[in-house]
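The values are calculated or read from the model by the stated rules, or taken from the named source; none is laboratory data. Given the structure is predicted, the values throughout are model-derived calculations rather than measurements. So basically every Cβ, Gly included, is an ideal-geometry build from the backbone, and we count neighbours across all protein chains shown.
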Amino acid sequence: MVRKRKTIVYIATSADGFIARSDGSVDWLERPRPKGNYGMGAFYKSIDTVLWAWSSCTMPSVGR
């Protein structure tokens with residue numbers, strides 16, 4: 001029997017369509033977390049594969 005993989009898409013993005021600021025900072029993602037963190041701990045434990053875009057894995061040069 002073939003087991004089908006469940007696909008869940010979770011995207012962090014700002015209103016302009018980017019994750020990082022122009023200087024590469026992602027500080028806006030850090031914010032106070034409520035008790036239980038909206039169940040994210042259980043969600044993270046259920047993940048077996050993560051896909052990242054190339055531009056998400058490289059740091060832009062300052063002043064570019």
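Just for the stretch 42-57: of the residues that are within 14 Å of the chain's Cα centre (by Cα) and of a type outside the set (A, V, I, L, M, F, W, C), which one is surrounded by the fewest Cβ atoms within 10 Å (Cβ to Cβ)?
Thr49
Residues of the stretch 8-34 being surrounded by 10 or more Cβ atoms within 10 Å (Cβ to Cβ) and part of a helix (DSSP H, G or I), which ones?
Trp28, Leu29
Can you find a residue that is part of a loop (DSSP other than H, G, I, E, B) and at pLDDT below 85 anywhere in the stretch 35-46?
Taking every residue of the stretch 35-46 in turn, none turns out to be part of a loop (DSSP other than H, G, I, E, B) and at pLDDT below 85.
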